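Working notes, beginning with the structure itself.
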């Protein structure tokens, strides 16, 4: 999505259409990440319960985020 929208473009149908496309891409990517992390954690630790897997996923996502952003 382009961040350089003009005031004339803001609020138009095309603007909202692009926003919807952007959000849908985010949803697809987050679902993929969720699946990949879940499978990876299950392979590494087959004895974990689903709640423990979810907790490990949250930790891994936080770790990935903190390694990505700049302080």
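Sorting 38, 47, 30 by the number of Cβ atoms found within 10 Å of their own Cβ, with the fewest placed first, yields 47, 30, 38.
The ellipsoid equivalent to the alpha-carbon distribution of the chain has semi-axes of 36, 15, 8 angstrom, derived from the gyration tensor eigenvalues as √(5λ) and listed largest first.
Coordinate-derived values only; no laboratory data. Source: prediction; values computed, not measured. Neighbour counts run over all protein chains shown; Cβ positions are idealised from the backbone, glycine included.
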